[in-house]
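Enquirer: I am attaching a structure below and will ask some questions about it afterwards.
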Amino acid sequence: MATYSSNSYLSRYGTEMTANATYIYNYFRTSGWTKNSICAMLGNMQRESTINPGVWQNLDAGNTSLGLGLVQWTPATKLIDWCNSSGLNYTDITAQCNRILYELNNNVQWISTSGYPETFRQFTQSTKSITYLTTAFLKNYERAGVEALGDRVAYANHWFNTLSGGTSTFTPRLNSDGMQGNLHWYSNGNPFYASGYGLPNCTCYAYGRFWEIADPGNNGANNPTGLPRGDGGQWWTNPTTFDKGFIPQLGAVICYGGIPGHVAIVEQINGDGSIVTSNSAWGGQYFFTETKYPRDNYGNCQGFIYNPFAGDVDPVVYNKRRGYNFVLFNRRKRFNNGQRGIYQ
């Protein structure tokens, strides 16, 4: 999906603004946010920047004492320095979305108020009214000098009524049901099976599961031939045609270095920021799941390879299991070449 970044104001609800809003919506839905919370944020972004990651406050490019970007980080160095330290382009829409997730995971920027006592994470999981959540984001995150609350709420309601809420069900793979004999793992279309490195094996499993997500009709479509080859410890550094980044998203490959290393698939993103991965191990377990936490970088992973066939999510069921809140998701299937990662 094409997005737009320039030091200019985008036309209200025009092609460029809508493309950027749609990208942001899909990005944060895939990260487990509710539709309500994303649209509330979009309403604020529209007031702040016309949802343009390249716009400077007052169009005064280079004046780092002023605001910059989607939420008008002020001073602009708050965004610029963070992006530079991460090797990112500070006017890139994905980089700025990742900055927001960094703020969420590191308790940065959001300050709860007595009128809106939610934490940032509670905000992302909330289904309260658009008016309430738009105001919460304004008060707790933006703290704008000119509030213009009516505009923000109207914009947020537009995006809520315009953007998709998800229509089909994504079932996380939490067991091995249906894997035996399945073409995604047991055919020459899987290069690890074809080379004699079939299950149990993390690379054969991750390739097959990535393919299974891309091929819901189970007919062999969308074989992810652009995934790396070699041991799991080589996947992060080996060439791939898929986007890579450091933020977990559903359906993504999570990569671990070392010899032989390990790869797995992100199946769930939980309300506390933890993730559930599905796995297989060479010479070990045929299938197992693990829960990983952001406090130790998800088990000291190297990063994630994103699955472009994994679309938008909507948390719908909460179960207590082993003391953690596990979230099941609705997902809108999206079969296109839209990418959501950081690095090529």
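Enquirer: Helix 15-30 sits at what angle to the longest principal axis of the chain, using alpha carbons and giving 0 to 90 degrees rounded to 10?
Expert: Once rounded, the angle reads 50 degrees.
Enquirer: Could I ask something else about it? For the chain, with a Gaussian network of springs between Cα atoms less than 10 Å apart, report the residue from 155, 286, 27 with the top mean-square fluctuation.
Expert: Sorting by GNM fluctuation, first place goes to 286.
Enquirer: For helix 93-105, report the angle its Cα long axis makes with the longest principal axis of the Cα atoms of the chain; keep it between 0 and 90° and round to the nearest 10°.
Expert: Taking Cα atoms only, the helix is inclined about 90 degrees.
Enquirer: So what's the gap between the Cα centers of the range 155-224 and the range 17-61, to the nearest angstrom?
Expert: Answer, in whole Å: 29.
Enquirer: Here is a follow-up. Quick one: 210, 287, fewest Cβ neighbours within 10 Å first, how do they rank?
Expert: 287, 210
Enquirer: Give me the aspartates and glutamates in straight-line cross-link reach of residue 139: C-alpha distance below 14 Å, same-chain residues under 8 apart excluded.
Expert: 48, 118, 147
Enquirer: Any idea what angle helix 149-162 forms with the longest principal axis of the chain, computed on alpha-carbon atoms, 0 to 90 degrees, nearest 10?
Expert: Helix 149-162 and the main axis of the chain meet at about 30 degrees.
Enquirer: Something else about it: Under a Cβ-only charge scheme (Lys and Arg +1, Asp and Glu -1), can you give me the dipole magnitude of the range 169-332 about the Cα centre, in debye to the nearest 20?
Expert: Roughly 180 debye for the range 169-332.
Enquirer: Can you find, among 91, 80, 156, the residue farthest towards the positive end of the dipole of the range 52-207? Put +1 on the C-beta of Lys and Arg, -1 on that of Asp and Glu.
Expert: 156
Enquirer: Continuing with the same structure: Can you put 45, 179 in order of Cβ neighbours within 10 angstrom, beginning with the fewest?
Expert: Values: 45 29, 179 19.
Listing 45, 179 from fewest to most nearby Cβ atoms yields 179, 45.
Enquirer: Now for a different question. Rounded to the nearest 20 Debye, what is the dipole magnitude of the range 83-210 about its Cα centre when Lys and Arg each give +1 and Asp and Glu each give -1 at the C-beta?
Expert: Around 160 debye, computed over the range 83-210.
Enquirer: Here's another thing I want to ask about it. Need the C-alpha centroid separation for the range 88-125 versus the range 245-298, integer Å.
Expert: That distance is 23 Å.
Enquirer: Given the -39500 (n - 2.57) contribution per DSSP H run of 4+ residues, what per-residue ellipticity at 222 nm results for the chain, rounded to the nearest 500 deg cm²/dmol?
Expert: -9000 deg cm²/dmol
Enquirer: Under a 10 Å cutoff between Cα atoms, tell me which one of 276, 55, 108 has the largest fluctuation in the Gaussian network model of the chain.
Expert: Residue with maximal mean-square fluctuation among 276, 55, 108: 108.
Enquirer: Would you work out which of 203, 250, 307 lies farthest towards the positive end of the dipole of the chain? Charges go on Cβ: Lys and Arg +1, Asp and Glu -1.
Expert: Farthest along the dipole direction, towards plus: 250.
Enquirer: Let me ask another. Based on Cβ point charges of +1 for Lys and Arg and -1 for Asp and Glu, what charge dipole magnitude is obtained for the chain about its Cα centre, in debye rounded to the nearest 20?
Expert: 500 debye
Enquirer: Next question, about the same structure. If only Cα atoms are counted, what is the Rg of the chain, and what is its Dmax, in Å?
Expert: That works out to 20.5, 64 Å for Rg and Dmax.
A short reminder: the numbers here are calculations on the coordinates, not readings from a lab. Remember, predicted model here, so these are calculated numbers, not experimental data. No Cβ is skipped: glycine too gets one built from the backbone with ideal geometry, and neighbour counts run over all protein chains shown.
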